[in-house]
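K.L.:
My questions all concern the structure below.
The values are calculated or read from the model by the stated rules, or taken from the named source; none is laboratory data. The shown structure was predicted, so the numbers you read here are calculated from the model rather than taken from an experiment. Counting neighbours? That spans all protein chains shown, and the Cβs are built from the backbone with ideal geometry, glycine included. Please note that ligands, DNA and RNA were not included when accessible areas were found on the heavy atoms of the full protein model with its side chains. Shrake-Rupley method; radii C 1.70, N 1.55, O 1.52, S 1.80 Å.
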Amino acid sequence: MSSNRKDRSAQGRGPRTESAPGPGRGRSGEPGRGRSGNNGHVLRSSWEEELRAGQQAEGEAGSVEDELAIVHLLRHAAAPEVLAEAAAARLWQDIDEGIEAQRPAPWWKVGWVRWVGTAAVSAAALTLVIVAWPDDTTPQSTDLGEVASAESTASLLQAQFEMLAPKARAEVDAQVDDGRAAMRSELLAQAAQTGRTMGGAP
Amino acid sequence: MTGRRASILSLVLGMGLGVTATVVGLAQAGRLAPERPEVLVALGQTLEVEHRQVDLLLERDDVARAIETLEQRRTQPWPSAEAGGTVAIQLKRDLYGRLLRLRLDHPDVDPKTKGELLAMAEEGLQGAPEDFEEELFTSRLLAIKGELLEEMGRDDEALEVYERALEINQRLLDAELGSGSP
């Protein structure tokens, strides 16, 4: 671009050569100074106008955006354009969103996994509630109509008895054993008191 | 040991002793210890042998002799609650319950009327002190009484007796589940 542009400029056509940033200011001069009317921007609207004028003069047509972008880049490299803090923040946000959009979603954010996982957790919680829910099946009503028939109530009581009987009998046996132990102790105490032996020794 | 530590230790031990005494006392509530342990031992050992005898007879399908054995024991004098303690009452009700169950399951063997069996059940439920804590053998005897009342058409009384038996069992089951036993 540059060579052609320079050739055309040498011929008086095309855009004028770039002007210095301003009298007394270097390329690295502070933005916004010495660029009257630019407000810190490296490009001026006149650049685009001159590019279009040169294009028309050469009988060309079309967009000059590419050319403008290159000029912008070169000018920005020479004198960085000021970017407001808010604009910079928006830029970084756009960059982050772009990166995020291209990043593959974690497995737990995948649509079907989320639905299936939610359903599984809900089912597990419901199952837990149903299983752990206190279920009092003992008939408490005094209404004859609600009490089961004699056969079923008696069967229920019989079943409960058979379930609890072993432990109940074991407790009774244990108490009988305690009685035996008490008797044994009493007998031994009596024997010691009287001084009798159990036989054998005189 | 410093004075402060000794105070804390004595406080903790005292609390532990108090809790233990309370728990033991509550556990023993309603239980009457036998004044004559030899009575309880004699009764317990005798019944143990007789129950095994009945088991053997039932294995040989000799229901008639099994019922006869239990009937002979039933008609013998039973020790009072003071002499034999609450365990003697439980042993009595256990035997009555087993006898009545056999009779209900085999009505053709030495047949008795419903009224006679009901009187037998009520006889087995007698003799307990007022603070006697009704237990499993009592609930079975009550259940059998309820069956008899139901068969005799005395539904209201049967219902009342059934509820009493169910309350006992529910209490026992709750205690069983609370202890963590399977």
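K.L.:
Using square roots of five times the C-alpha gyration tensor eigenvalues, list the equivalent-ellipsoid semi-axes of the range B:95-137 in whole Å, biggest first. Intermediate values should be presented prior to the final figure.
P.N.:
Working: eigenvalues 115, 26, 7 Å².
Gyration-tensor ellipsoid for the range B:95-137: 24, 11, 6 Å.
K.L.:
Among the aspartates and glutamates, which fall within straight-line cross-link reach of A:Lys167, defined as a Cα-Cα distance under 20 Å, with same-chain neighbours fewer than 8 residues apart omitted?
P.N.:
Reachable aspartates and glutamates: A:Asp177, A:Asp178, B:Glu48, B:Glu50, B:Asp55, B:Asp94, B:Glu133, B:Glu134, B:Glu135, B:Glu167, B:Asp174, B:Glu176.
K.L.:
To continue, here is another question. Extending each Cα 7 Å along its Cβ direction at B:Leu13 and A:Asp66, get the distance between those two points in nm, one decimal.
P.N.:
The modelled label-to-label distance comes out at 9.9 nm.
K.L.:
Let's test the formula: R0 of 41 Å, r as the Cβ-Cβ distance of A:Glu58 and A:Arg90. What FRET efficiency results, to the nearest 0.05? Intermediate values should be presented prior to the final figure.
P.N.:
Details: r = 38 Å, r/R0 = 0.93.
My answer for the efficiency is 0.60.
K.L.:
Taking 7 Å along the Cα-to-C-beta vector as the label spot, tell me the A:Leu188-A:Val110 distance in nanometres, rounded to one decimal.
P.N.:
About 7.5 nm, to one decimal.
K.L.:
While we're looking at this one, here's another question. Rounded to the nearest 0.05, what FRET efficiency is calculated for B:Ala64 and A:Val129 with R0 set to 45 Å and r the Cβ-Cβ distance? Working shown, then result.
P.N.:
Numbers: r = 55 Å, r/R0 = 1.22.
Between B:Ala64 and A:Val129 the formula returns 0.25.
K.L.:
A further question follows. Using a Förster distance of 22 angstrom, determine the FRET efficiency expected from the C-beta separation of B:Leu56 and A:Ser155, and round it to 0.05.
P.N.:
Details: r = 27 Å, r/R0 = 1.22.
Step by step, r from the Cβ atoms, then E = 0.25.
K.L.:
With a 1.4 Å probe on protein heavy atoms only, tell me which residues of the range A:158-189 lose at least 40 Å² of accessible surface in the complex relative to the chain by itself.
P.N.:
Flagged in the range A:158-189: A:Gln158, A:Gln160, A:Phe161, A:Leu164, A:Lys167, A:Arg169, A:Val172, A:Gln175, A:Val176, A:Arg180, A:Met183.
K.L.:
Gain in length, B:Leu104 to B:Gln45, computed as 0.36 nm per residue apart minus the alpha-carbon separation, to one decimal in nm? If you can, show how the numbers build up before the last one.
P.N.:
Details: separation 59, 0.36 × 59 = 21.24 nm, distance 2.67 nm.
Result: 18.6 nm gained on full extension.
K.L.:
Working out 0.36 nm times the residue gap between B:Glu167 and B:Lys114, then minus their Cα-Cα distance, what length gain in nm do you get to one decimal? Please list the in-between numbers first.
P.N.:
Numbers: separation 53, 0.36 × 53 = 19.08 nm, distance 2.51 nm.
Gain on extension, B:Glu167 to B:Lys114, equals 16.6 nm.
K.L.:
Still on this structure, I have one more. Which residue fluctuates the most in chain B, going by a Gaussian network model with Cα springs under 10 Å, if the choices are B:Ala64, B:Ala121, B:Ala81?
P.N.:
So, out of B:Ala64, B:Ala121, B:Ala81, the one fluctuating most is B:Ala64.
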